[in-house]
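Colleague: Dumping the structure here so I can ask a few things about it.
The values are calculated or read from the model by the stated rules, or taken from the named source; none is laboratory data. Keep in mind the model is a prediction, meaning the values are calculated, not measured. Note: ideal-geometry Cβ built from the backbone for every residue, glycine included; neighbour counts use all protein chains shown. For the accessible areas, the whole protein counts, side chains as well, though only heavy atoms, and no ligand, DNA or RNA atoms are used. Shrake-Rupley method; radii C 1.70, N 1.55, O 1.52, S 1.80 Å.
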Amino acid sequence: MEQFLRTPIKELIERFPDVGRILDAYGIGCVPCSVGTCLLADIVEIHNLSEEEERKLLGRIAAVLFPGQDVPLPVTKRSRPAGPRKISYSPPVKRLVEEHKVIMRFVALIPLIARAFDPDSEEHRRLIIEGVDFIRSYADRFHHAKEEDILFGYFDPNLDILKVMHEDHRKGREHVKSLVDAMDRRDREGVAANLSGYAAVLTEHIKKEDEILYPWMDRNLSTRQVGEMFAKFQEVDRKFEEASRKYEEFVDDIESKFNTVAEVTR
Ligand SMILES: [Fe+2]
Ligand SMILES: [Fe+2]
């Protein structure tokens, strides 16, 4: 069993698809993950399972790996004991979660924007251009830069979970680039496909950050690091204050234009 704890999860799921289904039942989404090099042992720690849940999960996985055999279950090493299941974020991380809400309000409007889009309408093209500006400036230059330049900097860049997050950011940027190209060609399908591709990447990405990555990072940051991060975030927030307000107003405006407000966010 020890040897399987040190096997990259994608490899394990390929050999034993039932392992993917078991992880899925615990809300651990390794099957759709694009990287999948995390080790089973790390997954158990990152997902903050209680000791009891961990025993049950490993027991079910052992039954798949060694059918009919009674194998001793290993005890995984934890850098911290499992915390409470209810998530409470440190103040700087909470700021990032608040920014996710603004981004998700925009993402919630994407299907409506995509459906209504007419490439020959000046007004519709302007809305896409403004949406791209929101994504590039607020979601990417402001929010993702805070993550990449400050928060992630407290952790080993070789961690698989960080590679997954960087890869998601990259995929989001790729969709935006293709979206702009499709706009220039007045390609309605291309615009719609890249808008919904971006929405899908960001929805999954933000869920992973809110529910898994941020709580795990918070558990591993010292009080001094949290304080230092708070000060660094404040500096960025101050520089971006006016722009930030402008982009929040932009989301308010398109919500009233489409006469809808995202449920998750208010
Ligand atoms: Fe991110
Ligand atoms: Fe984020």
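Colleague: For Pro157, all conditions in the list (1) at pLDDT 95 or above; (2) outside any helix (DSSP H, G or I) hold save one; what is the number of the exception?
Modeller: Result: Pro157 passes all but (1).
Colleague: Moving on. What is the number of the single condition among (1) within 14 Å of ligand 1 (Cβ to nearest atom); (2) free of Cβ contacts under 8 Å to residues at least 60 places away in the same chain; (3) under 18 Å from Ile135 (Cβ atoms) that Gly153 does not meet?
Modeller: Result: Gly153 fails condition (3) only.
Colleague: Moving on to the next point. Take the range 33-84 and flag every residue that is in the same structural domain as Glu14 (by TED's automatic domain parsing), at pLDDT below 75, open to solvent by less than 40 Å² (accessible area, probe 1.4 Å) and not hydrophobic (A, V, I, L, M, F, W, C).
Modeller: Matches in the range 33-84: Gly36, Asn48.
Colleague: Restricted to the range 119-148, and to residues that are among the charged types (D, E, K, R) and within 12 Å of ligand 1 (Cβ to nearest atom), which residue is farthest from Lys94 (Cα to Cα)?
Modeller: Residue satisfying both the conditions and the ranking: Asp140.
Colleague: So, of the residues in the range 191-210 that are more than 12 Å from ligand 2 (Cβ to nearest atom) and touching a Leu at 6+ places or on another chain (Cβ under 8 Å), which turns out to be nearest to Glu167 (Cα to Cα)? Don't jump to the end; show me each part of the working.
Modeller: Of the residues in the range 191-210, the ones more than 12 Å from ligand 2 (Cβ to nearest atom) are 191-200.
Among the residues that remain, those that are also touching a Leu at 6+ places or on another chain (Cβ under 8 Å) are: 191, 194-195, 198.
Working: Val191: 22, Asn194: 17, Leu195: 18, Tyr198: 13 Å.
Ranking the qualifying residues of the range 191-210, first place goes to Tyr198.
Colleague: I want to confirm something. Restricting to the range 170-198 and keeping residues that are within 15 Å of ligand 1 (Cβ to nearest atom) and open to solvent by less than 40 Å² (accessible area, probe 1.4 Å), which single residue is nearest to Val93 (Cα to Cα)?
Modeller: In this case the residue turns out to be Gly172.
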